[in-house]
Structures are given as structure tokens and as C-alpha cells.
Amino acid sequence: MIDGDGYFGESVAAGYDESAAEMFAAEALDPVVELLAELAGSGRALELGIGTGRVALPLAARGVEVYGIDMSRAMVERMRAKPGGDAIGVTIGDFATAKAEGRFSLAYLVFNTMNNLTSQDAQVDCFRNVAEHLEPGGRFVVEVGVPDLRRLPPGQNAVPFRVEDGRLGFDLYDVATQSMSSHHVRVDGEGHASYLAVPFRYVWPSELDLMARLAGMRLCDRWDGWTREPFTGDSRQHVSVWEKPAG
């Protein structure tokens with residue numbers, strides 16, 4: 001890790017919203033908030049990896065009581081500086097194990113953040129931690145990509161995801177361990193370059209279902225995206241919902 005904030009310390013937090021600007025756009029964000037508000041109902045919502053509040057703030061503005069867990073103080077400070085950010089409670093810690101007070105009708109983990117847990121054990125612990133926080137009948141929502149291995153020809157372990165003026169991004173895969181890393185190269189107008197590499201662990205939908213079962217939850221729904229398009233063999237991402245039994 002870079003420091004106590006993990007890989008999302010001050011140097012990343014300072015430009016995070018700008019770097020992910022397309023995810024803050026209404027066409028990307030509104031369907032997320034709409035579905036999460038529906039699933040939360042009149043209950044409380046727990047966001048794992050709350051970050052700068054991209055989802056938490058508009059969800060709270062819809063009248064949902066939101067609480068967050070995040071390792072990065074720098075990211076949370078950015079949320080605190082935004083309107084309504086100081087009203088959202090946050091536990092600083094690893095969302096695979098850190099605890100929040102009370103129980104929730106909804107927990108959610110979006111924008112591929114499940115992959116920030118870099119071991120299978122940590123991902124299993126995350127499901128168990130969520131199950132402990134949920135009320136009976138509560139839901140856990142995860143948005144994460146389907147591993148992009150079909151884009152890897154024999155002998156290649158790199159997949160580019162951004163190639164444009166001044167920015168280059170590519171993922172490196174180790175198919176034997178399901179580990180991967182995202183690499184970000186930026187060159188400013190004066191020719192100064194910066195480089196950041198962040199490790200991840202990719203995970204298959206069926207593997208997530210087994211983790212849910214180990215935590216006592218069951219799959220309710222799986223869609224291609226937030227507007228509930230059908231999930232198919234060609235889907236490159238999924239939004240999945242698991243439920244903690246009511247009984």
C-alpha cells in the first residue's frame with residue numbers, strides 16, 4: 001500500500017472526481033441512485049468504499065439514511081467538503097472487516113470496488129461482514145465487471161482500457177491467481193509524466209454467488225446494468241443483488 005489510506009491517498013483523492021467525471025454524469029448516476037433508493041425503502045443503507053460520496057450524497061438527498069465505510073481518510077475528506085457530506089457517518093477501515101453501528105436494509109459496493117479486495121479470503125470476509133450488518137430480508141448489491149479474459153490472446157497478459165492524448169491505461173492479468181493490476185500513465189501539457197499502479201483481484205459471478213451462500217445469503221437478481229438489462233454471456237459487467245433470509 002502507498003500509505004494508511006491504501007492506494008487512494010491524497011495524491012489520488014485530489015483528482016479522483018475529475019478522473020471519473022463520466023461516472024458523475026446524470027445519465028450514469030441517476031439509474032444507480034434510483035435502484036438503490038428503491039431497494040433501501042424506508043431503511044438505512046451502508047456503502048462500502050464510500051469514497052468522495054458520488055453515490056452516497058445523491059442517495060441521501062433522496063431521503064435514505066446512508067452510512068459509509070472507507071479506508072481512505074483523504075477520499076472521505078473530499079466528501080465531507082461537499083454539501084450534505086458532513087451529515088453522513090463514516091467508519092474508517094477495511095470494508096471487509098470494519099463495523100458500522102446498527103443494522104441496514106441495504107448494503108452496496110459499486111464501480112468495481114469489490115476488486116479492491118485483493119484476495120479471495122478478503123472477498124469472502126466482505127460478504128460475511130455485510131451479512132452481519134443486514135437486517136433479515138436485507139439486500140446486498142454489487143456492481144462489478146465480468147473478467148475480460150476473452151480479450152487476452154495466447155501469450156498476452158495486458159488489456160488497454162484507455163488510450164488517448166495524455167492518458168494511457170491498461171490492465172495486467174495473472175490468470176493463475178486471478179490477480180490483476182491497473183496501470184495509469186498521464187502526461188500533462190508540459191510533458192511531465194505520472195504513473196500509478198493499483199492491484200486488484202478479479203472475480204467471477206458464480207464465485208460471488210458461492211461467497212454469498214457461505215455468508216448465508218442467496219441471489220435474487222442479476223442484470224447487465226442499473227437499468228435492469230438482462231445479463232447474458234456477452235455482458236461485460238453485472239449488477240447483482242443477494243438477500244439475507246427473512247426467517
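Rg/Rh for region 85-187 stands at 1.06; both radii use Cα atoms, and Rh follows the Kirkwood definition.
Rounded to whole numbers, the Karplus 3J(HN,Hα) couplings from phi for region 118-135 are 8, 9, 5, 4, 5, 5, 5, 4, 4, 4, 5, 5, 4, 4, 5, 8, 7, 6 Hz, using 6.51 cos²θ - 1.76 cosθ + 1.60 with θ = phi - 60°, and x at Gly and Pro. Give the relative contact order (percent, whole number) for region 75-136; include only Cα pairs under 8 Å separated by 6+ residues. Result for region 75-136 is 38 percent.
In a fully extended conformation the segment linking residue 19 and residue 135 would gain 38.2 nm over its present Cα-Cα distance, using 0.36 nm per residue.
When you restrict to C-alpha pairs under 8 Å that are six or more residues apart and normalise by the size of the chain, the relative contact order lands at 16 percent.
Candidate values (1) 135; (2) 124; (3) 112 were compared with volume of the Cα convex hull per residue in Å³ computed on the shown model; the agreeing label is (1). Determine the sum of side-chain charges near residue 148: Lys and Arg each +1, Asp and Glu each -1, restricted to other residues whose C-beta is under 11 angstrom from that of residue 148. Here the count lands on +2. Note: relative contact order over region 141-223, using C-alpha pairs below 8 Å and six or more positions apart, is 19 percent.
Where a ≥ b ≥ c are the square roots of the eigenvalues of the C-alpha gyration tensor, would you call region 32-90 rounded, which needs a/c under 1.5, or, failing that, prolate if a/b is larger than b/c, or oblate? Prolate shape, in that a/c is at least 1.5 and a/b is the bigger ratio.
Would you tell me the accessible area of residue 161, worked out with a 1.4 angstrom probe on the heavy atoms of the protein chains, in Å² to the nearest 10? Counting only protein heavy atoms, residue 161 exposes about 90 Å² to solvent. Remark: the residue 10-residue 34 segment gains 5.6 nm on full extension, using 0.36 nm per residue and subtracting the alpha carbon distance.
Apply the a/c threshold of 1.5 to the C-alpha gyration tensor of region 174-247 and tell me whether it is rounded, prolate or oblate. Prolate, since a/c reaches 1.5 and a/b exceeds b/c. For region 1-60, a/c is not less than 1.5, where a ≥ b ≥ c are the root eigenvalues of the C-alpha gyration tensor, and a/b does not top b/c. That puts it in the oblate class.
For residue 206, what accessible area in Å² do you get when you roll a 1.4 Å probe over the heavy atoms of the protein chains, rounding to the nearest 10? We get 90 Å² for residue 206.
For region 1-147, the antiparallel share of DSSP beta bridges with both residues in that region comes to about 5%. Of 23, 211, the order by accessible heavy-atom surface (1.4 Å probe, DNA, RNA and ligands excluded), from most exposed downward, is 23, 211. The heavy atoms of residue 70 offer some 20 square angstrom of accessible surface to a 1.4 angstrom probe.
The values are calculated or read from the model by the stated rules, or taken from the named source; none is laboratory data. Quick caveat, the model's predicted, so the values are computed rather than measured. So basically every Cβ, Gly included, is an ideal-geometry build from the backbone, and we count neighbours across all protein chains shown. When the accessible area is computed, the model is the full protein with side chains, heavy atoms only, and any ligands, DNA or RNA have been set aside. Shrake-Rupley method; radii C 1.70, N 1.55, O 1.52, S 1.80 Å.
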